[in-house]
Amino acid sequence: MDELWQRLKQRKLVQWSVAYVAAAFALLQGVDIVAQQFGWPETLQRGITLALVLGFFVALVLAWYHGEKGEQSVSTTELLILAVLLAVGGGLMWRYAQVSAVETGTEAVEASLTVSAPVSDVSIPEKSIAVLAFADLSPQHDQDYFSDGIAEEILNALAQVKDLKVAGRTSSFSFKGKNEDLRVIGETLGVAHVLEGSVRKQGDKVRITAQLIRSKDGFHLWSETYDGDLKDVFALQERIAQSITGKLAVVLSGEQSQQLVDAGTSNPEAYALYLKATATFDKRDGEHMLDAVKQLEQAIELDPAYARAYSRLAALHAILPTYAPGRFAEREEQVRGHARHAIELDPRLAEPWAAMGLAAPLNGSGMLEARQYFEKALQLDPDDITTNFWFGLNLVRSGYKRAGVERIEHALAVDPMVPNVMRWRGVLYLRDGDLDGAEQFLKRASAAGLRLAGRELGEIAFRRGDIELAKRNWIDGSDPMLRQLPPHAKDQLATALFGGTASDRARGIAVINAYVATDPPFVPGNLALWLAQLGKGA
């Protein structure tokens with residue numbers, strides 16, 4: 001061994017190794033800083049790291065052959081050592097490539113659950129539950145918002161119970177109307193129990209039926225029907241939540257043993273209006289956004305102390321410019337006013353802080369202010385999906401892509417099937433050049449009813465050479481923005497953007513310029529992007 005060690009030192013193998021590792025480490029630190037500032041794709045950073053790993057073993061071979069002048073001949077023992085070094089190096093590189101492939105290709109699976117990838121029974125805690133959307137059995141079948149709201153309030157109440165795992169709202173509600181096997185639902189959402197039910201509302205009378213089912217075998221643990229007047233709806237929700245926690249043998253303590261459900265108001269009419277507006281907000285139903293604003297304003301008139309109505313009104317105004325023309329001037333003022341009022345009434349709410357963060361101006365001071373708002377919201381509720389999602393977008397737009405992706409992925413970990421969050425994770429994969437990773441998120445968002453995902457699915461189809469599919473997907477996904485333009489515009493723009501000739505592109509630019517020349521009250525931000533893609537700045 002002493003002789004071998006001396007040969008290693010003579011050939012400067014140790015010196016070369018130490019010097020190379022030190023230089024490579026310093027280089028990787030520099031690359032990490034530059035990549036963070038300029039938003040380099042992760043695939044490029046992995047490529048640099050892999051090249052440095054490969055270079056290490058090349059350096060060892062060079063050191064062995066040239067470390068000692070005139071001693072380039074090697075013995076059989078030395079050849080064996082070289083073979084071992086190359087084998088170890090090759091193994092490490094293969095392992096690194098495999099890990100990178102997993103990170104790149106299956107990160108979506110780690111971040112979210114899909115029906116095709118159920119959770120193993122081993123990982124499902126006994127104290128876990130999914131609250132499915134309650135069926136609307138009202139005579140006119142026009143109380144969907146109300147039945148969903150009842151289920152959501154029970155879900156929110158249970159989510160506050162210590163040691164009880166509750167599946168996210170969007171994931172649970174994604175099974176609505178699908179008549180899926182409860183065992184599949186339990187495996188998919190990773191829960192041992194499922195609560196399903198129905199609501200029948202007629203006039204001031206309401207009947208709520210709920211049943212608790214063990215998901216692994218479909219065994220009905222408990223079922224009950226509750227009848228009451230509309231003014232009793234909060235008491236009914238509370239009785240259901242307490243019954244469920246009792247059946248699950250969850251030990252309640254402190255305030256939890258007294259009350260689980262907190263609807264935020266004792267006025268049933270205000271509550272019903274809040275549920276209607278919330279249904280519009282959750283679905284991003286652009287055509288009814290202004291109706292939702294009026295509903296929340298009416299709810300506040302009925303109950304001026306309704307903090308959650310003020311909070312949701314602030315959140316609606318934060319996104320309203322995307323859906324209602326001419327709302328930019330009053331946006332920040334409206335958001336701040338309603339958010340501040342909500343915080344005064346209930347300091348525990350995270351949503352109003354997130355709304356102010358989203359509405360902050362996109363300039364230097366505004367971005368700093370927004371970050372403070374988002375961090376305050378996360379202090380109040382680290383798992384709030386809206387806060388994590390909006391904060392993630394804010395970070396990405398500010399140049400902190402890696403941190404932004406982490407926020408968005410956390411939102412998906414809490415509730416894997418939120419359509420717009422899935423879409424944005426797909427968009428970020430697309431920007432990194434990972435078409436497969438982007439496609440699986442975008443397809444799931446589209447399947448969940450988010451047409452907007454068609455824009456990026458069109459881009460993916462174009463990159464893969466299917467121009468006709470690209471046009472169809474893009475037109476469908478861009479429909480809300482294309483409504484602002486003349487009827488013929490969508491076909492002309494699709495042709496210009498996807499494989500069009502110089503003349504097609506010129507016609508596309510003319511369509512956009514003609515619209516802007518009318519001095520419209522609202523100009524979709526994507527018009528500037530489309531102009532850039534067509535070869536001209538906005």
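Per-structure values
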item: Accessible surface of the range 365-467 [probe 1.4 Å, protein heavy atoms]: carbon and sulfur percent; result: 49
item: Sequence of THR322, THR387 when ordered by accessible area, the most exposed leading, probe 1.4 angstrom; result: THR322, THR387
item: Computed accessible area, GLU369, all protein chains, 1.4 angstrom probe, square angstrom; result: 50
item: Most to least accessible of TRP390, TRP353 (protein chains only, probe 1.4 Å); result: TRP353, TRP390
item: Cα-Cα over 19 Å, subset of LYS127/LYS162; LYS205/LYS294; LYS205/LYS231; LYS231/LYS276; result: LYS205/LYS294
item: Tensor-based shape of the range 320-477 (alpha-carbon gyration tensor, a/c under 1.5 rounded, otherwise prolate or oblate); result: prolate
item: 3J(HN,Hα) from dihedral phi, the range 269-281, Karplus parametrisation 6.51/-1.76/1.60, rounded to Hz, x for glycine, proline; result: 5, 4, 5, 5, 5, 4, 5, 4, 5, 5, 4, 5, 4
item: Accessible area per residue, Å², the range 271-344 with all protein chains present, probe 1.4 Å; result: 44
item: Kirkwood Rh (inverse of mean 1/r, distinct Cα pairs), the range 178-239, angstrom; result: 12.8
item: Binned Cα-Cα distance frequencies in the range 419-460 - 10 Å width, integer %; result: 41, 56, 3
item: Area of THR518 that stays accessible when all protein chains are in place (1.4 Å probe, Å², to 10); result: 90
item: Sequence of LYS401, LYS205 from largest to smallest accessible area, 1.4 Å probe; result: LYS205, LYS401
item: Charge-dipole axis of the range 387-450 as Lys and Arg at +1 and Asp and Glu at -1 on Cβ define it, positive-most pick from LEU428, PRO416, ASN394; result: ASN394
item: 19 Å Cα-Cα reach of LYS471 towards lysines, excluding residues that sit fewer than 8 places from it in its own chain; result: LYS443, LYS490
item: Fraction of accessible area attributable to carbon and sulfur, the range 189-250 (%, probe 1.4 Å); result: 47
item: Overall form of the range 334-379 per C-alpha gyration tensor (a/c, 1.5; a/b vs b/c); result: oblate
item: Bins of 10 Å, starting at 0 and running to the largest distance - Cα pair percent for the range 389-488; result: 17, 44, 31, 8, 0
item: Kirkwood Rh, angstrom, the range 374-447 [1 / mean 1/r, Cα pairs]; result: 12.2
item: Euclidean distance of C-alpha centroids, the range 292-313 and the range 150-191, integer Å; result: 27
item: Anisotropy class of the range 120-163 from Cα gyration tensor, a/c 1.5 cut; result: oblate
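The values are calculated or read from the model by the stated rules, or taken from the named source; none is laboratory data. Owing to the predicted nature of the structure, the values given are computational and were not obtained by experimental measurement. Cβ: placed from backbone, ideal geometry, glycine included. Neighbour counts: every protein chain shown. Just so you know, the surface numbers come from the protein's heavy atoms only, side chains and all, with ligands and any DNA or RNA stripped out. Shrake-Rupley method; radii C 1.70, N 1.55, O 1.52, S 1.80 Å.
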